[in-house]
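What follows is a set of notes on a single structure, which appears directly below.
All of the numbers you see were taken from the coordinates with simple rules; none came from a lab. These numbers were taken from a predicted model, which means no experiment stands behind them. Here the Cβ is made from the backbone with ideal geometry for all residues, glycine too, and neighbour counts use every protein chain on show.
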Amino acid sequence: MIARREALAPTDVGQRSAALRAHLTARFSADFFAFFPDGRAKTIGFCWPVQNEPDIRPAIRTWLAQGGHACLPVVVAPGEPLAFRPWTPDTRLVPDRYGIPTPCEGELVLPDVLLIPVNAVDGAGFRLGYGGGFFDRTLARLAAIGHPVVTLGVGFDFQRVDTIHPEPHDAPLMGLVTESGFVEFD
């Protein structure tokens, strides 16, 4: 799946990303907030796009313009949960150990929503990432400290598969947004 995504032409990635962003931005409305106990999300965590992943940064800018907050993950160390630092278009970023632009300053924050890239996702909401287990550890840590988070996958239609054969530590996503729309998992 990664090779297939990386083989996409830049114009194809751009068109697919634009369609996906339109669906995501449409979710930044009343029905999006139904996921939250207090009816309102505050901070959306997202990932900087790499290897032809969908570029959702314009949708995040829309979220910021509506008064929301955003954050990016920070790899603290291999085998550890991710930390999160605030992001705005003016945030200074430096490449992390994987070459991904990451905020290098700012206090740590907790996201209310995580928009998580998928390399593959099945009909039950289980995803395949890059195999580092960062999001699995992060979701377990957030649950352990009593901080519920809405998890939405971000990917392209061709990344949907029948099953990923989840393992006991895998946590399913609550939903998925692709260029075709939004899917809520049971």
Problem - Square roots of five times the Cα gyration tensor eigenvalues for region 2-184, Å - result: 21, 19, 19
Handout entry: Cα convex hull of region 70-163 - mean projected area over all directions, nm²
Key = 6.7
Completion exercise
Sorted by chain and number, the residues with a modelled amide H under 5 Å from that of residue 114, at a separation of 5 or more or across chains, are 45, 150, 151, 152
Practice task
Please compute the net charge surrounding residue 16, taking Lys and Arg as +1 and Asp and Glu as -1 over other residues with Cβ under 12 Å from its Cβ.
Solution key: -3
Problem - Estimated [θ] at 222 nm from DSSP helical runs (n ≥ 4, -39500 (n - 2.57)) normalised by residues in the chain, nearest 500 - result: -7000 deg cm²/dmol
Handout entry: Packing-based ranking, highest mean first, of 164-171, 46-53 given that Cβ atoms within 10 Å are counted
Key = 46-53, 164-171
